[in-house]
Amino acid sequence: MQARSALFDLYGDHLRPRGGRAPVAALVKLLAPLGIAPPAVRTAVSRMVRQGWLEPLRLVSGPGYSITPKAARRLDEAAARIYRTGRVTWDGRFDLLVLEAPGSRRDRQRLASNLSFLGYGTLDEQTWVATRPAEDVDLLLAEAGIRFERFTAAHFAGTPGAMGVVRRAWNLTEIGHAYERFVADQRPLLAAVTVRSSDEEAYATRFRLVHAWRTFLFQDPQLPPALLPERWPGTAAASFFDRHAARLRPAADRYVEQCLDAGNRLVRQKGR
């Protein structure tokens, strides 16, 4: 698990509901159970500040970092998709992008990753399609300096034709297998955490569960049910995730509060 990716998960799943800020000491302590060393945390924080995701601030308990408005938008969108708080609907139309691909391979990979996160798949190197328009796509392409045209399109053949477009843009068989592997890999890890486990153990296991689930934000565009195959593995995987994420949430929350309170207790003791 990379420190930068873990910080996104930490802020999105635990710190965003608590004001989106935390002292550096708490960040270090919260990532320690995941095997991430303090220098790696500090390096990742500095990188996220340069990229506009975090901003430094002074807290009562010492130096800390808060999410920026840009990060808040991204984290809120990710949370809505991770926990599926919104209903997936479809009006029968596609959002179509025709763009000039960046020259360098690194820029093309970064662009592909960002567009995939927003729910777009490729029909060819220059044409991307989504079943619903993403609010941030214009801003994303403008910031990247990409020239593009954007269209709204509906398939003349209706849903059967639309399903053909979907299968060109996404490898649903591969995504389905990834969901099955997710459940198979996580099941023994989750079974090991019981009511006798410590809060720290529950927190770390739940963190890894959410981290693994979060990778589907870049793989699965969360297509409307009408465009999915029958017995879609993602449905069973989502139920599995929801059940265990909810089961481990109370213990994980207690551990987070403990780490955040430790710095405040230290400040109070020094002030006596």
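The values are calculated or read from the model by the stated rules, or taken from the named source; none is laboratory data. These numbers come from a predicted model, not from an experiment. Virtual Cβ from ideal backbone geometry, glycine too; neighbours counted across all protein chains shown. Protein only, heavy atoms only, side chains kept; ligands, DNA and RNA dropped before computing areas. Shrake-Rupley method; radii C 1.70, N 1.55, O 1.52, S 1.80 Å.
The single residue among 212, 245 that is over 30 Å from residue 163 (Cα atoms), small (Gly, Ala, Ser) and at pLDDT 95 or above turns out to be 245. Just name the residue that is surrounded by the fewest Cβ atoms within 10 Å (Cβ to Cβ) out of those in segment 122-149 that are farther than 20 Å from residue 101 by Cα and touching a residue at least 40 places away in the same chain (Cβ under 8 Å). Among residues in segment 122-149 that are farther than 20 Å from residue 101 by Cα and touching a residue at least 40 places away in the same chain (Cβ under 8 Å), the one surrounded by the fewest Cβ atoms within 10 Å (Cβ to Cβ) is 132. Restricting segment 59-78 to residues that are at pLDDT below 90 and farther than 14 Å from residue 136 by Cβ, the residue that is most open to solvent (accessible area, probe 1.4 Å) is 60.
As a summary of the residue check, residue 152 satisfies the conditions (1) assigned to a helix (DSSP H, G or I); (2) touching a residue at least 24 places away in the same chain (Cβ under 8 Å); (3) open to solvent by 90 Å² or more (accessible area, probe 1.4 Å) except for the one numbered (1).
Mind checking which residues of segment 41-58 are in a helix (DSSP H, G or I), open to solvent by 40 Å² or more (accessible area, probe 1.4 Å) and closer than 29 Å to residue 118 by Cβ? 43, 46, 47, 49, 50, listed by residue number. Just to be sure, is residue 108 at pLDDT below 90, more than 30 Å from residue 261 (Cβ to Cβ) and assigned to a helix (DSSP H, G or I)? When the stated conditions are applied, residue 108 passes them. Scan segment 161-184 and tell me whether some residue there is modelled with pLDDT under 90, in a loop (DSSP other than H, G, I, E, B) and of a type outside the set (D, E, K, R). No, the conditions are met nowhere in segment 161-184.
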